Each structure stands twice: as structure tokens, then as C-alpha cells.
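Read through the structure below, which is laid out as C-alpha cells, and then see the notes.
The values are calculated or read from the model by the stated rules, or taken from the named source; none is laboratory data. Remember, predicted model here, so these are calculated numbers, not experimental data. As a convention, Cβ positions derive from the backbone with ideal geometry for all residues, glycine included, and neighbour counts pool all protein chains shown. Accessible surface areas use protein heavy atoms only, side chains included; no ligands, DNA or RNA. Shrake-Rupley method; radii C 1.70, N 1.55, O 1.52, S 1.80 Å.
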Amino acid sequence: MGHYENQYDDDLKTSTEVDEVIYDFQVSCTQEKIENDAVNNPKHYTNHPSGIECIQVTEHMGFNLGNAMKYIWRCDLKKDAIEDLKKARWYLDREINKRENG
């Protein structure tokens with residue numbers, strides 16, 4: 001029995017080392033959750049080369065212009081850029097119509 005106790009004792013870490021391992025694991029899991037969060041942090045909203053998120057710009061715009069910008073912003077980050085550009089055009093046409101016709 002002594003043999004196993006000695007082997008086990010050699011593998012024990014200090015309380016501080018264990019706390020550091022647990023903390024690093026928690027940080028890693030939290031970061032992975034943030035990076036893969038399709039609701040709060042979708043990749044196609046946060047992968048822009050500027051490093052900022054689209055909403056940081058569009059929240060200062062009106063609805064139609066903000067949505068047009070959103071689709072333009074992410075068109076090359078998703079599968080179908082043409083579809084997103086058409087959606088942007090739809091919102092721009094709405095905004096133009098609204099401004100022309102009061």
C-alpha cells in the first residue's frame with residue numbers, strides 16, 4: 001500500500017497549482033463559449049477585418065440604413081454574398097422611397 005501512496009503523493013500538486021489549473025480551464029471554457037455563441041457573438045458579425053462589431057456602427061443609424069449596412073458589412077463573411085447584397089439593396093430602396101415620398 002505504501003508504494004501507491006508514494007506514487008500518489010508525487011503526483012499531487014499544491015493548492016495554488018490546482019487553483020491555477022482550474023482557473024485556466026474556466027477561462028478557456030468561457031472564451032470558447034463566447035467565441036462559439038451564435039446568439040450573442042455570431043462569427044459573421046465579429047470577424048470583420050476592422051476588429052469591431054457591426055452593431056457598434058449600425059446602432060447609430062436608422063433602421064433601414066442600419067440593416068443595409070449590416071448586410072453589406074457581413075456579405076463576404078457568409079456563404080452567399082449576392083443574397084446579402086440584395087437584402088442591403090432592398091433596405092436602401094425602402095429608405096429612398098421613404099425619403100422621396102415623405
TODO: Extending each Cα 7 Å along its Cβ direction at Val57 and Ala81, get the distance between those two points in nm, one decimal.
DONE: 1.6 nm
Open item on the list: Per residue of segment 75-83, what does 6.51 cos²θ - 1.76 cosθ + 1.60 with θ = phi - 60° give for ³J(HN,Hα)? Whole Hz please, x for Gly and Pro, Karplus curve as stated.
Closed with: 4, 8, 9, 10, 5, 10, 4, 4, 4
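Of Trp90, Trp73, which has the most accessible area with a 1.4 Å probe, and how do the rest follow in descending order?
Working: Trp90 135, Trp73 40 Å².
If we order Trp90, Trp73 from most to least accessible, we get Trp90, Trp73.
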